[in-house]
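What follows is one structure encoded as structure tokens, with my remarks underneath.
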Amino acid sequence: MRRDIIIDTDPGQDDAVAILLALASPELNVLGLTCVAGNVPLERTSYNARQVCELARRSDLPVFAGCDRPMARGLVTAEYVHGDSGLDGAPLPEPVMPVQSTHAVDFIIDTLRAAAPKTITLCPLGPLTNIATALQRAPDIAERIAQVVLRGGAYFEVGNITPAAEFNIYVDPEAAQLVFGSGVDLVVAPLDVTHKALTSPEWSATLRGKNHPICEVVAGWTEFFERFDTEKYGSKGAPLHDPCVIAYLIAPEIFAGRRVNVEIETHSELTRGMTVADWWGVTDRPANALFLGSIDAAKYFNLITNRLAQL
Ligand code: BDR
Ligand code: CA
């Protein structure tokens, strides 16, 4: 049976690859894309999401615009990584399909309430503002969600936007705190996983060798965004973060992790947005998430390449 999912996203080249991977995967039924402010402002993430749908010839897929800023703070963006457009690296035509008139948060709430309980999985790939706002406004949806499989946080890798915090959680820590405290079945793909899923010149060459228009675009995006991380980390490639969420849904066996307690730092300016994961079980705080820690990177990149080439 196909799994119904909603992708909550702030594209972002890696978000875009995640969306394409989901659309290429018969195991998944994407009900809609809900956009949030993150890598770039909301107007641009909802524009980019439509460009990605049209690239995949899926202009029928509804795209919703959601929250344009974090719950309690000003927006922090990451154009220095993703470029001014958020999708620099492979120019795409202006999208023709519209943004839906319904707010993303209303779409999430209404869709969960209309469906049988525990049949819809939420896949947040950016700051958790839309998901947390939905849970705050409609607490009844918590027990209707099948699972939240999210991209965010870090424990052993600690931080990427500050020494202590990962970008998605840092941008809206109050939203993250609400989601991690909501009691929903949570799977977390932190930097501990994504920093083991590095792009490479060989992968770009494989993509280009497919002679497939979508693989060409993905190679262009990759070559653009990896320049920042290769310089920062001194590595040959960059973490391809967000497709980990979709890959986990399709092939969970290529990941390993632990069910642990994860709390979010919201008070300290120094460690704002830190995901304090009790990996070693040194507290009696109850587990609230499956925190992934490793990935078979070769299988991950093969999965993405093979699926994209079928789009
Ligand atoms: C990164 O994680 C992804 O969700 C974003 O697109 C961003 O590139 C930040 O940790
Ligand atoms: Ca993202």
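The values are calculated or read from the model by the stated rules, or taken from the named source; none is laboratory data. Computed from a predicted model, the values in this text were never measured in an experiment. Every residue, glycine among them, receives a Cβ derived from its backbone with ideal geometry; neighbour counts consider all protein chains shown. Just so you know, the surface numbers come from the protein's heavy atoms only, side chains and all, with ligands and any DNA or RNA stripped out. Shrake-Rupley method; radii C 1.70, N 1.55, O 1.52, S 1.80 Å.
Annotations for the structure displayed:
- Listed residues Asp110, Asp284, Asp192 arranged by accessible area, highest first, probe 1.4 Å: Asp284, Asp110, Asp192
- The range 180-303, relative contact order [Cα under 8 Å, separation at least 6], %: 36 percent
- GNM top mover of Val148, Val218, Val276 - the chain, alpha-carbon springs below 10 Å: Val276
- For the chain, built as a Gaussian network whose Cα springs stay under 10 Å, the top-fluctuating residue of Ile250, Ile131, Ile169: Ile250
- Shape call, the range 141-274: gyration tensor on alpha carbons, a/c limit 1.5: oblate
- Area accessible to solvent at Glu223, 1.4 Å probe radius, in Å²: 70 Å²
- Solvent-accessible area per residue for the chain (1.4 angstrom probe, square angstrom): 38 Å²
- Based on every Cα atom in the range 3-308, Rg and the maximum pairwise Cα distance Dmax equal 17.6, 54 Å.
- Shape category assigned to the range 14-142 from the gyration tensor of Cα positions, a/c cut at 1.5: oblate
- Surface share of carbon and sulfur [accessible, 1.4 angstrom probe, percent] for the range 3-308: 52 percent
- Of the beta bridges in the chain, as assigned by DSSP with both residues counted there, near 30 percent are antiparallel.
- Of the beta bridges in the range 163-311, as assigned by DSSP with both residues counted there, near 85 percent are antiparallel.
- Calculated FRET value between Phe156 and Glu231, using beta carbons and R₀ = 22 Å, to 0.05: 0.50
- Relative contact order (%) - the range 3-308, alpha-carbon pairs under 8 angstrom, separation at least six: 20 percent
- Area of Trp279 that stays accessible when all protein chains are in place (1.4 Å probe, Å², to 10): 40 Å²
- Dipole of the range 1-148, positive end: most advanced residue of Ala56, Gly89, Val148 [Cβ charges, Cα centre]: Val148
- For the range 51-74, backbone nitrogen atoms closer than 19 Å to the point 7 Å from Asp106 Cα along Cα-to-C-beta are found at 62-69.
- Calculated FRET efficiency, Leu270 to Asp185, Cβ-Cβ distance, R0 = 22 Å: about 0.10 to the nearest 0.05.
- Furthest towards positive pole of dipole, Leu128, Pro26, Val158, structure part the chain, Cβ charges: Pro26
- Over all other residues within a Cβ to Cβ distance under 14 Å of Pro239, the charged ones net out to -4, with Lys and Arg as +1 and Asp and Glu as -1.
- Inter-part distance, the range 174-223 to the range 1-37, computed on C-alpha centroids, equals 12 Å.
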